[in-house]
Amino acid sequence: MSRSRRAGVLVAALLFTTACGPRSVTPSAPVDLPAKPADFVEVFTWSQGVPEGAKPLSATFSGPHFSYQFGALATRPTMDETSGGLEGGPAKAAPGHEFLVLYRLQGDDTFAPPPEAPLTVEVVVGAARKRLPKPMQRGTGLIVSVPLGGDATLEVTDDKPYQYSIRNSNGPAPTSAPSAASRTSASSSKVRWQNGDYQAQAAYQGVRTSGPLAVTAALGERAELANELPGVGPAAAKQTWLRLPDAKINTNDADLKLDLARSFTLTLPTGTKLNARPNTSGLLFSVPEPFTGATLTISPEFPASSTAKWSTRPQSKEIPLATS
């Protein structure tokens with residue numbers, strides 16, 4: 001092969017190698033994390049100690065039948081496995097929002113006697129109220145999406161509602177009826193009743209068990225009558241809200257629950273029957289304005305999804321509600 005031809009082959013090989021060989025890679029831009037909804041609430045497992053960037057706490061939030069000792073608090077725009085694993089991977093807060101993360105560390109040794117029925121535990125952000133998706137056990141964390149700089153309240157209903165400010169890390173403080181500044185009053189009327197307690201004996205038939213069942217219920221002592229309620233929002237046109245926040249119903253079997261909303265019916269003087277709103281704290285009815293009174297009927301019912309049925313139904317009780 002001639003010298004000129006060999007040179008041509010070398011040049012061609014060099015060009016081929018340059019074209020097909022390794023190239024420098026331009027670093028990619030940061031991955032845009034998916035955003036969680038503005039009302040995001042989640043409980044996750046956290047077996048480690050105080051995570052990096054979190055503020056250590058020694059705050060106890062308790063009532064007669066519950067007690068939480070919180071060990072850390074963090075405010076974060078994003079979440080990852082180093083600060084609280086989220087199902088589906090790392091995520092960022094919704095636009096204009098951030099995450100408050102409250103850690104109940106594994107070393108929490110507080111104790112409170114367990115109640116006969118599970119307590120209602122909710123998170124309140126502004127006018128929105130959401131029930132915790134699962135219990136906040138030792139070694140777990142609570143993530144709440146809040147507006148930038150905003151707060152969230154952890155509320156546990158025991159003998160009364162107890163509230164804990166997550167951002168300010170303080171509590172417990174029993175709540176009281178909403179003040180005039182926090183709601184719009186429907187009227188100056190007060191709702192009253194007599195003998196709001198209920199007891200009955202019944203029998204049930206389940207898939208695997210059956211037998212007698214004692215049922216108890218109580219209306220409490222408070223009633224709220226307002227055009228707008230915290231955690232509920234404004235009522236519809238020509239309607240007002242009637243809420244009995246302390247109403248409850250239980251059985252003497254911890255495994256057999258009754259549905260509060262399905263167990264109470266309100267009958268207006270016109271004969272119209274109203275069902276309670278489901279998934280609320282206490283009993284909530286939308287009633288005509290002005291509200292002048294009604295009859296509340298207690299007729300215990302299992303949840304619609306329950307396999308238990310009444311073989312001997314508990315007796316009903318009617319409680320007149322009056323305004324004054």
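The values are calculated or read from the model by the stated rules, or taken from the named source; none is laboratory data. Just so we're clear, the structure is a prediction, and the values are computed from it rather than from any experiment. Please note: Cβ atoms are built from the backbone with ideal geometry, for glycine as well, and neighbour counts cover all protein chains shown. These accessible areas exclude ligands, DNA and RNA; they are computed on the full protein's heavy atoms, side chains included. Shrake-Rupley method; radii C 1.70, N 1.55, O 1.52, S 1.80 Å.
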Query - Pairwise centroid distance, computed over Cα atoms, of the stretch 265-324 with the stretch 127-169, Å - result: 29 Å
Query raised in the report: Taking the simple approach of a point 7 Å from Cα along Cα-to-Cβ for both GLN201 and GLN48, what is their distance in nm?
Result: 5.8 nm
Report task. In vacuum, with every alpha carbon of the stretch 260-320 counted as one equal point scatterer, what does the Debye formula give for log10 I(q)/I(0) at q = 0.15, 0.19, 0.25 Å⁻¹? Two decimals, please. Result -> -0.50, -0.76, -1.12
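For the stretch 228-272, what is the accessible area per residue in Å², given a 1.4 Å probe and the full set of protein chains?
Values: 2120 Å² over 45 residues.
Value returned for the stretch 228-272: 47 Å² of accessible area per residue.
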Query raised in the report: Got a number for carbon plus sulfur as a percent of the stretch 37-133's accessible area, 1.4 Å probe?
Result: 52 percent
